[in-house]
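Student: What follows is a single structure, and I will ask about it in a moment.
The values are calculated or read from the model by the stated rules, or taken from the named source; none is laboratory data. None of the values given here were measured: they were computed from a predicted structure. Virtual Cβ from ideal backbone geometry, glycine too; neighbours counted across all protein chains shown.
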Amino acid sequence: MLIRLLYLGFRMYCFLFRPVRIGVRTLMVQEDKVWLVRHTYIPGWFMPGGGLKRGETLEQGARREACEETGAQLGTVTLMGAYTSFVDWKTDHGIVFLCKDFSIEGKPDGEIAEVRAFPLKELPRDLWPSHRLRLQEYAENLPHPQFGEW
């Protein structure tokens, strides 16, 4: 419940201050399955990721978020693309990495309700649209990096 209240507070902050933010996501794929997370405070499935911390590189942020949200230790990561969203009174720049070389060694933190691997051809219905689009780009083997709207 506290996390949901904090999320509501964040949305009010965005309405008042219109922040510009940078976040990272990692498309984690092995054996034709993609690892996705479901948060405790918002419905739907997502690629693991979140906002950068001060003094953190894009790659460090992607590695940290993947570990926090899935328990994964990432090997080689490559840049998939950079995307922008203007939803909910803020400007979000999302950097998406691709990782096929990882191992799940830990457990997710408290903000994650569930971690699951889905076959690429059987994605959950409530996968967020922008995440579904990135997975389609991956499945269609489009050249990387891509740029555009989230």
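Student: Between a first residue in the range 80-91 that is closer than 10 Å to residue 14 by Cβ and a second residue that is surrounded by 14 or more Cβ atoms within 10 Å (Cβ to Cβ) and at pLDDT below 95, which pairs have beta carbons less than 6 Å apart while being 6 or more apart in sequence or on different chains?
Tutor: Taking only residues 6 or more apart or on different chains, the pairs are 88/14; 89/14; 90/14.
Student: Within the range 6-42, which residues are in a strand (DSSP E or B) and small (Gly, Ala, Ser)?
Tutor: The one that is in a strand (DSSP E or B) and small (Gly, Ala, Ser): 23.
Student: Next question, about the same structure. Take residue 82 and decide whether it is surrounded by fewer than 18 Cβ atoms within 10 Å (Cβ to Cβ), among the aliphatic types (A, V, I, L, M) and closer than 19 Å to residue 23 by Cβ.
Tutor: The answer is yes for residue 82.
Student: Here is a further query. Would you be able to tell me the number of residues in the range 51-78 that are in a strand (DSSP E or B) and in contact with a Gly (Cβ under 6 Å, 6 or more places away or on another chain)?
Tutor: Residues flagged as in a strand (DSSP E or B) and in contact with a Gly (Cβ under 6 Å, 6 or more places away or on another chain) within the range 51-78 amount to 1.
Student: Being surrounded by fewer than 17 Cβ atoms within 10 Å (Cβ to Cβ), within 21 Å of residue 147 (Cα to Cα) and of a type outside the set (S, T, N, Q), is that true of even one residue in the range 40-52?
Tutor: yes
Student: Which pairs have Cβ atoms under 9 Å, sit 6 or more apart or on different chains, and link a residue in the range 63-74 that is closer than 13 Å to residue 53 by Cα to one that is of a type in the set (Lys, Arg) and surrounded by fewer than 22 Cβ atoms within 10 Å (Cβ to Cβ)?
Tutor: That search, which allows pairs on different chains as well, returns 64/53.
Student: Taking only the range 8-21 into account, find how many residues are within 22 Å of residue 95 (Cα to Cα), surrounded by fewer than 15 Cβ atoms within 10 Å (Cβ to Cβ) and touching a residue at least 12 places away in the same chain (Cβ under 8 Å).
Tutor: Looking only at that region, the number is 5.
Student: Could you run through the range 22-39 and say how many residues are buried (at least 19 other Cβ atoms within 10 Å of the Cβ) and at positive phi?
Tutor: 0
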